[in-house]
1. Can you name the residue in the range 131-160 that is of a type in the set (Phe, Trp, Tyr) and either under 17 Å from the mean Cα position of the chain (by Cα) or open to solvent by 20 Å² or more (accessible area, probe 1.4 Å) (or both) and, of all such residues, is farthest from Thr185 (Cα to Cα)?
2. Quick one: in the range 408-432, of everything that is touching a Cys at 6+ places or on another chain (Cβ under 8 Å) and hydrophobic (A, V, I, L, M, F, W, C), which residue is modelled with the lowest pLDDT?
3. If I ask for residues that are in a loop (DSSP other than H, G, I, E, B) and either in contact with a Cys (Cβ under 6 Å, 6 or more places away or on another chain) or more than 14 Å from Tyr218 (Cα to Cα) (or both), which ones from the range 278-291 would you list?
4. Exactly one of (1) more than 24 Å from Gly274 (Cβ to Cβ); (2) open to solvent by less than 30 Å² (accessible area, probe 1.4 Å) is unmet by Thr436. Its number?
5. Would you point out the residue of the range 398-407, among those that are open to solvent by less than 90 Å² (accessible area, probe 1.4 Å) and part of a loop (DSSP other than H, G, I, E, B), that is modelled with the lowest pLDDT?
6. Is it the case that the range 266-277 has a residue that's modelled with pLDDT under 95, open to solvent by 30 Å² or more (accessible area, probe 1.4 Å) and part of a loop (DSSP other than H, G, I, E, B)?
7. Looking at (1) touching an Asp or Glu at 6+ places or on another chain (Cβ under 6 Å); (2) assigned to a strand (DSSP E or B), find the lone condition where Gly259 falls short.
8. Select from the range 165-187 the residues that are at pLDDT below 95 and either among the basic types (Lys, Arg) or not in a strand (DSSP E or B) (or both) and list them in ascending order.
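The values are calculated or read from the model by the stated rules, or taken from the named source; none is laboratory data. The shown structure was predicted, so the numbers you read here are calculated from the model rather than taken from an experiment. Please note: Cβ atoms are built from the backbone with ideal geometry, for glycine as well, and neighbour counts cover all protein chains shown. Please note that ligands, DNA and RNA were not included when accessible areas were found on the heavy atoms of the full protein model with its side chains. Shrake-Rupley method; radii C 1.70, N 1.55, O 1.52, S 1.80 Å.
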Amino acid sequence: RGHHNYVFLPNSSIKFAVATSQGIAFGTFSGQGVSFQQIVRGLSNTQVYTLGISGNRKTYLAGVQSSGVQYVTGTGNTPQTGTNIYGQSGGSCQMSIINPKAVMLSDLDGNMNRTSDEGISFSLNFNPPTTNLVVTPFVKWENFNDENSKALTKFIADKTYYQGDVLLCHSTNKGIEGGKGYPFTALLEQDSLVAGDSIYVKDIVQSKFFIATHNAVYMTRDIVKFDSTVTYAPGYAGRKNIWKVLQTVGNFSKPSCLGISDCGNYLFVGTENGRIYRVANIQDTYDKASGDVDSPFCVLSISEIIPDGIDGRYITSISVDPQNPEHILVTLGNYGNESYVYQSMNSLDAVASISFSDITGNLPRTPIYSSIIEMHSSGTGIIGTELGIYTTQGLMNENPEWAIDAAGIGKAMVVRMQQQRVYKAGFVLDGPDPTTPPVVYPGVDNYGDIYCAT
């Protein structure tokens with residue numbers, strides 16, 4: 001599986017080398033057939049399609065050709081070794097920071113699932129929509145201080161509290177398996193609250209998860225709520241559902257990539273034929289009525305954007321500036337073209353006013369597969385090309401100069417990049433008595449780190 005080339009050794013008709021998706025092997029013909037020996041010492045390579053990063057610097061996922069979704073824990077005697085936790089060839093995969101053991105994954109046959117225990121078992125109440133895409137685009141958004149949240153969580157007083165006191169609340173999104181919801185604090189606004197009484201407070205720990213299929217994009221806020229049924233069923237009116245946020249319109253082709261703003265209010269969808277769809281008002285969608293385009297009460301605003309020079313091209317990535325959702329990078333695939341990177345500084349304007357500029361500049365004329373606008377600097381762009389990583393600090397300039405960043409990667413094809421843009425400190429809850437160990441909610445130790453899949 002995944003053989004790319006065969007070469008006979010010089011002066012031999014029985015010994016040959018095979019280049020595969022998992023490295024190199026030597027083959028030998030004999031009377032019993034062909035025997036193979038994998039060459040692994042000093043050579044560590046595989047064909048990676050996708051990435052999923054956690055809040056732990058050493059722990060991540062990789063969707064791999066012929067080896068499923070690989071889970072790397074960063075522990076043991078061989079910390080870079082991965083374990084196949086899903087499928088034969090791995091597709092899109094994401095890890096939660098709210099619940100560090102929660103994983104969303106897929107394979108190249110369109111199958112998708114979720115697990116609350118790092119792949120030991122899989123959810124029985126998760127039924128996503130079907131798709132015929134080879135790689136099903138996923139995007140995850142998590143926030144530990146979502147002031148736009150309209151969700152509520154219940155606080156029950158264990159003693160008397162007075163106005164201005166700090167309440168230890170728990171989100172409806174659980175932070176660790178078997179524990180309470182993820183903890184956060186809030187100030188009591190009313191005069192007092194006596195023991196046994198309860199109030200509802202704004203749940204600021206929030207999650208959104210998007211899945212693109214061959215003809216639509218779906219969202220759920222319940223992806224890490226494993227006690228909730230998350231299912232796609234047309235006509236199902238319950239809240240615990242996957243909601244359709246974009247359906248087939250006009251010349252809509254297969255979605256190829258997704259980009260989400262840091263505020264969680266704007267989703268950009270790139271397609272195989274050069275269309276960009278902007279979905280707005282996501283922060284106001286909290287049930288099927290407000291968040292499903294099939295509902296007459298839907299509050300989403302959907303716009304189709306067809307930039308000059310991009311129409312008909314395969315869009316490989318859309319990156320949204322973490323500091324400014326108006327600013328997006330769009331990268332393109334295909335061979336034989338002159339332009340591969342476009343930028344817009346007004347992507348939230350009326351469609352007729354949105355402008356894109358070609359910033360390919362001095363880049364090699366090869367397909368570009370991935371991109372990042374660096375979270376601390378709107379002027380810094382990082383892209384993954386067929387010939388390695390290129391960066392610029394001049395995105396704000398009319399003609400940015402790109403330079404290759406070859407250290408550690410060289411000129412390998414870079415198909416995915418992801419930066420950890422969510423930070424949270426660890427949270428420790430003491431036990432009810434000295435003999436009970438504390439409950440630890442781990443923090444993020446890879447804030448700002450960039451991961452590259454080759």
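1. In this case the residue turns out to be Phe138.
2. Ile409
3. Of everything in the range 278-291, just one residue is in a loop (DSSP other than H, G, I, E, B) and either in contact with a Cys (Cβ under 6 Å, 6 or more places away or on another chain) or more than 14 Å from Tyr218 (Cα to Cα) (or both), namely Asn281.
4. Evaluating Thr436 over (1) more than 24 Å from Gly274 (Cβ to Cβ); (2) open to solvent by less than 30 Å² (accessible area, probe 1.4 Å) leaves (2) as the failure.
5. Selected residue: Ala406.
6. Scanning the range 266-277, I find at least one residue that is modelled with pLDDT under 95, open to solvent by 30 Å² or more (accessible area, probe 1.4 Å) and part of a loop (DSSP other than H, G, I, E, B), so the answer is yes.
7. If we test Gly259 against (1) touching an Asp or Glu at 6+ places or on another chain (Cβ under 6 Å); (2) assigned to a strand (DSSP E or B), just (1) comes out false.
8. Scanning the range 165-187 gives Lys174, Gly175, Ile176, Glu177, Gly178, Gly179, Lys180.
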